[in-house]
Amino acid sequence: MISRNDPCWCGSGQKWKKCCYPKEGPQNLTSQYKKQYGIILKTEKQIEGIRNACKLTAAILREACNLAKEGVTTNELDRLVRKLHKDAGAVPAPLGYGTPPYTKAICTSLNEVICHGIPDDKPLKSGDFLNIDVSAILHGYYGDCSAMVAIGKIDPEKQNVMDTSYECLMRSIAILKPGVLIHEIGDIIEDCAKEHHCSVVNQFVGHGVGIAFHEAPQVPHHHNDIAIPLAPGMTFTIEPMINAGKRGAVIDPTDGWTARTIDNRPSAQWEHTILITPSGHEILTLLKDPQK
Ligand code: MF3
Ligand code: CO
């Protein structure tokens, strides 16, 4: 820990207390965040690696979304995603992850499935909507993002949760910069969901990501009291799961993964990986080129 009479970290030659105090330097902040919160503030080199992994993850997600049409099975999406990882020299993070080991490369969560839906051989049909969640490991770095696809025409209740979960995500991202507290993310998301008569799932959360699949901190999407200030070099996901009905989730006892709404009403989710920069944030899983 730097003390007030030490030379300032900015290199001015003045004492810290006469210079940048109470603002802490990057080195110091890194060890403080690790010790206090278990959060890894990434170096420039790590950020470069994570940025590349995130670009690939977003590109694979886009391809999978483009393939998701009436008559296509979620196993076909899974196969495409495996091939795109292989071609890029990357590995799907979900494959073999957790307990019991997850058996597929992506999650495909249809209709009343909140998250962690497992691809199968059932063809998608008009009126379905689904979340496709892609997490890639490229040269040891992780990216994580997901998006919704509507198959044919969906009913107004589904349209509302789909639009609301996207608005929740983007409104919460818009406030991100150093000093913002983790709970401000959940405040915005829960208020936004309420405005649209939806509920926010509180059994699953966003998470630090980059060097590992799931790092500190947890990023709840509901009202909470986590007062950790965001700092430059943090990389984490926001992935609000928004329900048309009750917020509760039930995990399928037969597969140990599929999480469904307790009332079987629809649920939707969008996800980005975000970097906190000195002046604000960067959405690492946002593709810059417009869709062709
Ligand atoms: N974005 C999801 C998450 O962070 C990806 C889950 S993959 C799984 O939980 F393997 F954990 F299912
Ligand atoms: Co995630």
Original post:
Out of curiosity, is SER126 at pLDDT 95 or above, of a type in the set (S, T, N, Q) and more than 16 Å from ligand 2 (Cβ to nearest atom)?
Top reply: yes
**OP:** Report the residue count in the stretch 67-113 for those that are away from ligand 1 (no atom under 11 Å from the Cβ), closer than 27 Å to GLY49 by Cβ and either among the aromatic types (Phe, Trp, Tyr) or in contact (Cβ under 8 Å) with a residue 12 or more places away in the chain (or both).
**Re:** 11
**OP:** State yes or no: is ASP121 out of contact with any strand residue (DSSP E or B) (no Cβ under 8 Å at 6 or more places or on another chain) and surrounded by fewer than 20 Cβ atoms within 10 Å (Cβ to Cβ)?
**Re:** no
Original post:
Any idea which of LEU61, LEU41 is closer than 23 Å to LEU275 by Cα, of a type in the set (A, V, I, L, M, F, W, C) and within 16 Å of ligand 2 (Cβ to nearest atom)?
Top reply: LEU61
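What are the residues in the stretch 1-40 that are part of a loop (DSSP other than H, G, I, E, B), within 25 Å of the chain's Cα centre (by Cα) and of a type in the set (D, E, K, R), if any?
Within the stretch 1-40, none qualify.
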**OP:** Pull up the stretch 202-225, narrow it to residues that are touching a strand residue (DSSP E or B) at 6+ places or on another chain (Cβ under 7 Å) and under 16 Å from ILE188 (Cβ atoms), then point me to the one that is farthest from ligand 1 (Cβ to nearest atom).
**Re:** HIS222
Original post:
Does the stretch 132-145 contain at least one residue that is polar (S, T, N, Q), in contact with a helix residue (DSSP H, G or I) (Cβ under 8 Å, 6 or more places away or on another chain) and either closer than 17 Å to PRO240 by Cα or away from ligand 1 (no atom under 16 Å from the Cβ) (or both)?
Top reply: yes
**OP:** Collect the residues in the stretch 1-56 that are of a type in the set (A, V, I, L, M) and out of contact with any helix residue (DSSP H, G or I) (no Cβ under 6 Å at 6 or more places or on another chain), keeping them in residue-number order.
**Re:** MET1, LEU29, ILE40, ILE47, ILE50, ALA53
**OP:** Return the total of residues in the stretch 41-58 being part of a helix (DSSP H, G or I), over 21 Å from LEU110 (Cα atoms) and in contact (Cβ under 8 Å) with a residue 12 or more places away in the chain.
**Re:** 10
Subject >> Criterion: among the hydrophobic types (A, V, I, L, M, F, W, C), without any contact (Cβ under 8 Å) to a residue 60 or more places away in the chain, surrounded by 17 or more Cβ atoms within 10 Å (Cβ to Cβ) and away from ligand 1 (no atom under 16 Å from the Cβ) - qualifying residue of ILE175, ILE151, ILE188 >> reply: ILE188
Original post:
Which numbered condition trips up ASP120, out of (1) in contact with a Gly (Cβ under 6 Å, 6 or more places away or on another chain); (2) more than 14 Å from ligand 1 (Cβ to nearest atom); (3) farther than 22 Å from ILE50 by Cβ?
Top reply: (1)
Subject >> Those residues of the stretch 74-101 which are touching a Pro at 6+ places or on another chain (Cβ under 6 Å) and not charged (D, E, K, R), in sequence order >> reply: THR74, ASN75, HIS85
Subject >> ILE251 surrounded by fewer than 19 Cβ atoms within 10 Å (Cβ to Cβ) and within 16 Å of ligand 1 (Cβ to nearest atom) >> reply: yes
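In the stretch 225-273, what count of residues is obtained for those that are outside any loop (DSSP other than H, G, I, E, B) and within 16 Å of ligand 2 (Cβ to nearest atom)?
Looking only at the stretch 225-273, we keep the residues that are outside any loop (DSSP other than H, G, I, E, B), and these are 229, 235-238, 241-243, 249-251, 259-261, 267-269, 271-273.
After this cut, where a residue has to be within 16 Å of ligand 2 (Cβ to nearest atom) as well, the list is 235-238, 241-242, 249, 259, 267-269, 271-273.
Total satisfying the criteria: 14.
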Original post:
What are the residues in the stretch 191-207 that are under 23 Å from ILE251 (Cα atoms) and crowded, with 16+ Cβ neighbours inside 10 Å, if any?
Top reply: ALA193, CYS198, SER199, VAL200, VAL201, ASN202, PHE204, VAL205, GLY206, HIS207
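The values are calculated or read from the model by the stated rules, or taken from the named source; none is laboratory data. In this text, all values refer to a predicted model and were calculated from it rather than measured experimentally. A quick note on method: Cβ atoms are made from the backbone with ideal geometry, for glycine too, and the neighbour counts reach across all protein chains shown.
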